[in-house]
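Derivation of every value follows stated rules applied to the coordinates shown; laboratory data play no part. Only a predicted model underlies this, so the values are computations on that prediction, with no experimental measurement involved. Note: ideal-geometry Cβ built from the backbone for every residue, glycine included; neighbour counts use all protein chains shown.
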Amino acid sequence: MELSKNYTPKEVENKWNEAWKAGGYFNSTPDDRPAYTVVIPPPNVTGVLHMGHTLNETVQDILVRRARMKGFNACWVPGSDHASIATEAKVVAMLREKGIDKNALTREDFLKHAFEWKEKYGGIIYHQIEKLGCSVDWNRVTFTMDKEYYSAVIKVFTDLYRKGMIYRGARMIHWDPEAQTALSDEEVEYKDGEGTLYHIRYAIADAAGNPLVTPAKGEGEIIIATQRPETIMGDTAICVHPDDERYAHLKGAFAVIPLINRRIPIIFDEYVDMAFGTGALKVTPAHDINDYNLGLKHNLEIVDTLNADGTLSEAATIYVGEDRFAARKKIVAELREKGLIVKEENYATRLGYSQRTGALVEPRISTQWFLKMKELAAPALEAVVEGAIAIHPGDRFLATYKYWLENVKDWCISRQLWWGQQIPAWYDSKGNCVVAENEAAAYALYQQQFGTAEILTQDADVLDTWFSSWLWPMEVFKGISNPGNADVNYYYPTAVLVTGQDIIFFWVARMIMAGLAYNTEKPLEQAIPFRDVYFTGMVRDKLGRKMSKQLGNSPDLLQLIDEYGADAVRFGIMISSPAGNDLLFDTASLEQGRFFNNKMWNALKLVKMWEQKLSADLPEQDSFATEWFASRLNEARLQVDKLISEFRLSEALKVIYSLIWDDFCSWYLEWVKPAYEQPVAAAVFYKTVNFFSELLQLLHPFMPFITEEINSIIGNRTPLCIKTLPPDAVADTTRLAEGELLKQVITAVRDARVRNQLKPKQEIAVFLQTDDSDVYKNITNVWARQVNATSIVPVHEPVANCLNIVSGRDRLYIQAETPVDMAAQKQQLEKDLEYQRGFLISVEKKLGNERFVQNARPEVVAIERKKKADAEAKISAIEETLAQLDLDQK
RNA sequence: GGGAGCAUAGCUCAGUUGGUUCAGAGCAUCUGCCUUACAAGCAGAGGGUCCGCGGUUCGAGCCCGUGUGCUCCCACCA
């Protein structure tokens, strides 16, 4: 078989994706093996995978593939989220482009469009997941609006309603005027911004509405500061601090709203900060959460001057129908013109924006459905605090998690949208309400409760997307719609949840709540939705900026795969991804992955070449190299095991990378490589193929395609993805130490060659002066070959006219035809000597310190003694060598 | 306003019970090589007051205090 010069990912990746699918290797059904379950954090159905997803999916795939190779029945469930607001916004925009107004459509027609849209674009993410090599079970794809999933959500709603945990009520909520729906507190993102603080005059009047004093003196007015002059028509009071001397005379007085001349009371409350602005606050209960609370306390009237779409309502009486921002400009202009603005100042502020549409959020009073959170939060907190669920990395998020749960507020779960699970509440004409799982049940219930038959209409609202996704780990196995079924019994709880730290409240905490609320009959360890939570960092560009459409720094995943190959993308993103920290994405690391592919491809070519010239009779010359590498492999395997169990995947990959590139390719293969055109001993060849196979297996979870390909080319029949990892074995520490010594002396001689311009092809003779020739016994042959030495001869005396090297505590003499550069050698040796002497002094100082010798642990003292002996030996070796150089020079 | 985290080589980061073979890795840099697996490579090298200051200790990159500079989360005073 002819192998191409370089590795070509594209065909290989397609080929293996097909083969894996055909083999059904990633499809899981319950059996007698232990389960290892992962549910994908469902991406938005109409979205595309960005680099954050790519990181998360890669991490999950590594864990899942590794578990599968460890003998678990691994099951990774793919799926997507209907993402109510985001998707509905996209569908509305698409319809608008076609000239269709959503409000002109019936609910049914709109949903038809939405499902069409979902069919058209929903496949993109699945295609990307497959391209990336994710070993998901495609038989288990779940969508949060699937029929059964839908009914599970409804079931949970009605259940919680019956338990008294869900209620409906008028509250101040965050309103998204663009999507025209309520938002939960978590869906609001605050951003710093620059605002203007307007100081506006309000005239003062007595109870009858007459001015208190002459306005000309400037005393008949009260000045308030506001950022939102367009809301003054909604003012229902002016509030000042009771201790504020400036306003003490205004008890019982009234103020008059400018422009509309409506009279409002002046009230007194300690809530007001006397030092801020003028110390007088306009109170607008309909449009500010604090004012709302103040209004409740003082029994103030509520005047809602905004419509749902953010335009001014009839109640505003002026500028009705104008958009809130346009109205602000006009009102400011009018106030200014009438001399009612005293001052305008720039003001740093923070404003809330809708996470889904980006619109500036309005506080708004409206009737919504809420879920009581206190009861749900307590066990969810306990599960994490008591360690049933472990958050990685470390406990960094424990404090945040705890704080949120301890201060959690009721969850606003209704949304004024059509795309989502419609709230199963039915009303009669008087507003009486029944909640039931379907219309028929609702009618029956109504009849039972009210004793009459009436026409009922269903609540128009749908549920918050997270109210469906919090059931995800259960309902992907039908754990809600069909509790106790074989699948959910086998796969639940899942092993690990891999997700971004930004959705810890939206999703992670709520899944824990749902899991505990719907598995009350089980012990805690069985009720939790997952045992571990692994938070990946945020993917940024190489300058540390967030990835965004505006900056254009968010690469297209498929394009990257096309350019570098999926393995290289996975490698690049994992190698630069320290556990838990943000990741600075740079295509340079993808390139490194591509180079790594090639490196392995070339190792494959070498090994395949050997296969052509096998010699069955040739004995293995010496077994050192194979014995050493076997030990090295065992050692690395243990490291990888430990690192992966600690979710330190980036470091595990680095260990494997270095094991393959440095230890296998640079050292081992060179050590066993036959001379030019010489045959290879069959024994060595087969051992090498085994080593290679094991390396590929170790790397496979990280880079599944190329490993699978090479594994098959070197003759393994079983696909890597289902090949069980061999049990860990103990490494031979003697071999490992010999290997390190060998690397050291090879490098020492090569370094001497470079420094003295001895070409690699130039033959040399090496003499070794050592007290311990035993440690060199096994490695001398390889050593000589690797440095192109005709011989390595032990000596007891210095050899004249040679290159002098000190390696460890031993001395090497290199004999070559080229004359040696004495001065350069001397300089190097003297530098060494200086360092060693300094080192010795520090060790001696320590050992000379009685308190150290007495207090430190005995093994620490012993180590110091050994350091001292080594340093002394090395120093004398260097000194003798320097003396020899002087002799040579004479 | 409240809380959390970070600061180690030019860059990105390891450094897990405090012990100068512990100051490391990858990338980048420099030097020499087209050596029949690999120039997408090989061989070799250089590079750091471990943010400043103080303390604990026989001993501090590691522990404590403090200052500085970044990052994030929460709360949302007009």
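To keep it simple, each residue is scored yes or no on (1) surrounded by 18 or more Cβ atoms within 10 Å (Cβ to Cβ); (2) farther than 15 Å from A:P229 by Cα; (3) away from RNA strand B (no atom under 14 Å from the Cβ); (4) under 42 Å from the mean Cα position of the chain (by Cα).
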| residue | (1), (2), (3), (4) |
| --- | --- |
| A:F276 | no, yes, no, yes |
| A:K282 | yes, no, no, no |
| A:D288 | yes, no, no, yes |
| A:G295 | yes, yes, no, no |
| A:L300 | yes, yes, yes, no |
Pairs please, first residue from the stretch A:712-733 and farther than 25 Å from A:S631 by Cβ, second anywhere and aliphatic (A, V, I, L, M) and in a loop (DSSP other than H, G, I, E, B), Cβ atoms under 9 Å, 6+ apart in sequence or on different chains.
A:I713/A:M1; A:I713/A:L3
Set A:Y443, A:Y401: member being of a type outside the set (G, A, S) and touching a helix residue (DSSP H, G or I) at 6+ places or on another chain (Cβ under 9 Å):
A:Y401
Hits in the stretch A:563-588 - residues which are acidic (D, E) and either at positive phi or near RNA strand B (Cβ under 9 Å from one of its atoms) (or both):
A:D582, A:D586
Provide a single number: the residues in the stretch A:1-52 that are crowded, with 22+ Cβ neighbours inside 10 Å and free of Cβ contacts under 8 Å to residues at least 12 places away in the same chain.
0
Take the residues in the stretch A:355-413 that are among the small types (G, A, S) and in a loop (DSSP other than H, G, I, E, B), then tell me which one is nearest to RNA strand B (Cβ to nearest atom).
A:G394
So which residues in the stretch A:517-536 are surrounded by fewer than 23 Cβ atoms within 10 Å (Cβ to Cβ) and either more than 21 Å from the chain's Cα centre (by Cα) or polar (S, T, N, Q) (or both)?
A:A517, A:Y518, A:N519, A:T520, A:E521, A:K522, A:P523, A:L524, A:E525, A:Q526, A:A527
Please indicate, with yes or no, whether at least one residue in the stretch A:840-856 is more than 8 Å from RNA strand B (Cβ to nearest atom), closer than 30 Å to A:L885 by Cα and loosely packed, with under 13 Cβ neighbours inside 10 Å.
yes
Is at least one residue of the stretch A:614-637 within 13 Å of RNA strand B (Cβ to nearest atom) and surrounded by fewer than 20 Cβ atoms within 10 Å (Cβ to Cβ)?
no
Closer than 30 Å to A:H50 by Cβ and crowded, with 21+ Cβ neighbours inside 10 Å: which single residue out of A:N597, A:N581 fits that description?
A:N597
For the stretch A:269-281, indicate whether the set of residues that are under 15 Å from A:M233 (Cα atoms) and part of a loop (DSSP other than H, G, I, E, B) is non-empty.
no
For the stretch A:719-751, give me the residue count where each residue is surrounded by 13 or more Cβ atoms within 10 Å (Cβ to Cβ), more than 30 Å from A:N17 (Cβ to Cβ) and more than 16 Å from RNA strand B (Cβ to nearest atom).
6
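To keep it simple, each residue is scored yes or no on (1) touching a Ser or Thr at 6+ places or on another chain (Cβ under 9 Å); (2) touching a residue at least 12 places away in the same chain (Cβ under 8 Å).
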residue	(1), (2)
A:Q449	no, yes
A:E454	yes, yes
A:W470	no, yes
A:Y518	no, yes
A:V533	yes, yes
A:G537	yes, yes
A:G552	no, no
A:P555	yes, yes
Wholly enclosed strands (runs of 3 or more DSSP E) of the stretch A:483-556 bearing at least 2 residues within 16 Å of RNA strand B (Cβ to nearest atom) and hydroxyl-bearing (S, T, Y):
A:530-536
